[in-house]
Amino acid sequence: MNINIEYRHESGFQNFFSKIAQKKVALMYDINTKPYALAMKTDLQRVGANIVDIFFPDEELVPTEDKCTYAYELAKSADYLLAVGSGTLNDMSKSVSTRLGIDCGVLITAASIDGYCSKGAALMRKGVKVTDEVHTPTDVLIDLDIVCNAPRIMTAAGYGDIIGKYTCLLDWQTAHFVTGEEIHEQAYALMEQARAECVNAFDGLVQYESSAVAKLTRALITAGLSMAMCGNSRPASGSEHHQSHYLEMDFVRRGEKIPMHGLKVAIGTLVSMELYHYLSDNRIAFHGAESVYKLVNELPKIETLKEMLIKMGCPVRYSELGVRKETMEEMIEKAYTVRDRYTVLTLVHDLGLTEQVKPLLLEKYF
């Protein structure tokens, strides 16, 4: 895996520019990232690149099949595809470039997601959230002036996505103890490192200090590298993400604005931690339970995480994001089916405890 992770200096992105000079570059961006894309376009033209614009006027771009097809048709003649944006644009770029068999990269515009370097692309297909296997970008470009000036709610979402590693890593351990699923130790360690860097930078992040935002950005990129190393999203996506994916599909079905992924993940993390503590406090028996409960005891206190999220500007109840009560009830029942992956949601379902825990979760997190 050879990814050029490059920070902008006074002369720009030297390594990237030297590689891309004289090539035909498809530049993908939306209405929110247009100013940064146009500035990059000028830089690329200066080094002799020929530009094909793939512009989406959407304020809330949804990665549907027709949007990807539109991008695919425009990028057919290009040698390289560069996304200027964050989650959705990055995923679409990886998907389209994989289909075309060309390299891709991303100019990060916010520290909001952990999938920049991953081999997965989250897309909407026939109203269902799916994750396709794609190639990793060859270039991840970071201009800290851009990232630090992103809307604060996007930085909060990035923090929420990293906080989700508490439960996703515990889900992985639970699957190991219950089903014997193998753990990729190096990817696991990288993800723990990413989480630790982010948590350690919390005081600075609350003040939106540039050095702390830079640490969050590095942590998110490291998280993506761990997914690429593992070959799937297991190191970064567990029960907290499955809740987010379930809710995203519901918002799409209703034709409503989708709340940011990391914000939903943050609340999903609290819900999943609540489930783990419920099992532990009641000493519910299952294969590997004692090993799991030892790890549950090592988690930070739920109230501590909740206070941190509030300070970052993250909501801590699904109702704050416009989720309907009946939708949350359905999510508790069905989110374990979103991915074929063993998590605490699967465990609670298998133990027949879903209806038992539902009132507790609704009371605390709706």
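Report, in whole Å, the centroid distance computed from the Cα atoms of the stretch 287-345 and the stretch 1-71. Between the Cα centre of the stretch 287-345 and that of the stretch 1-71, the gap is 36 Å.
Take I267: with every protein chain present and a 1.4 Å probe, its accessible area is about 0 Å².
Is the stretch 5-53 rounded, prolate or oblate when judged by the Cα gyration tensor, a ≥ b ≥ c being the square roots of its eigenvalues, rounded requiring a/c under 1.5 and prolate requiring a/b larger than b/c? Since a/c reaches 1.5 but b/c is at least a/b, the shape of the stretch 5-53 is classed as oblate. Taking amide H as placed 1.01 Å from N in the peptide plane, the amide H of D30 sits under 5 Å from that of F56, each at least 5 places away or on another chain. Over the chain, Cα pairs under 8 Å with separation of 6+ residues give a relative contact order of 15 percent. Note on K325: lysines with a C-alpha under 27 Å away, same-chain residues under 8 apart excluded, are K126, K129, K165, K257, K264, K301, K306, K311, K334, K358, K364. What do you get for trypsin sites (Lys or Arg not before Pro) in the stretch 255-363 restricted to DSSP loop and a cutoff of at most 16 other Cβ within 10 Å of the site's Cβ? In loop regions of the stretch 255-363 (DSSP not H, G, I, E or B), the sparsely surrounded trypsin sites (Lys or Arg not before Pro) are K257, R283, K301, R317, R324.
What a 1.4 Å probe finds exposed on the stretch 3-49 is 48% carbon and sulfur by accessible area, rounded to a whole percent. For the chain, a Gaussian network of Cα nodes joined below 10 Å ranks H277, H245, H287 by mean-square fluctuation, and the top entry is H287.
Please say if the chain is rounded, prolate or oblate, where rounded means a/c under 1.5 for a ≥ b ≥ c the square roots of the C-alpha gyration tensor eigenvalues, and otherwise the choice is prolate for a/b larger than b/c and oblate otherwise? Verdict is prolate for the chain.
Checking every one of the GluC sites (Glu not before Pro) in the stretch 1-63 against DSSP loop status and a limit of 13 other Cβ atoms within 10 Å picks out E10, E59, E60. Taking Lys and Arg as +1 and Asp and Glu as -1, the other residues whose beta-carbon sits under 13 Å from that of K165 total -4. Local charge for T64 was computed over the other residues whose Cβ lies under 14 Å away, with Lys and Arg +1 and Asp and Glu -1, and equals -3. Relative to the longest principal axis of the Cα atoms of the chain, helix 185-200 runs at roughly 90 degrees. Tell me the angle of helix 354-365 to the major Cα principal axis of the chain, expressed in degrees between 0 and 90 and rounded to the nearest ten. Long axis of 354-365 versus the principal axis of the chain: about 60 degrees.
Sites listed here are GluC sites (Glu not before Pro) in the stretch 259-366 whose DSSP assignment is loop and whose Cβ has at most 12 other Cβ atoms within 10 Å: E298. Couplings 3J(HN,Hα) of the stretch 120-132, computed from phi: x, 10, 7, 10, 9, 10, 6, x, 10, 6, 10, 10, 8 Hz, in residue order, whole Hz [Karplus 6.51 cos²θ - 1.76 cosθ + 1.60, θ = phi - 60°; x for Gly and Pro].
If you roll a 1.4 Å probe over the heavy atoms of the protein chains, what accessible area per residue do you get for the chain, in Å²?
That works out to 41 Å² for each residue.
The values are calculated or read from the model by the stated rules, or taken from the named source; none is laboratory data. Model, not experiment: these values are computed from the prediction. When we count neighbours, we look across all protein chains shown, and the Cβ atoms used for this are built from the backbone with ideal geometry, even at glycine. All accessible areas refer to the heavy atoms of the entire protein, side chains included, with ligands and DNA or RNA removed. Shrake-Rupley method; radii C 1.70, N 1.55, O 1.52, S 1.80 Å.
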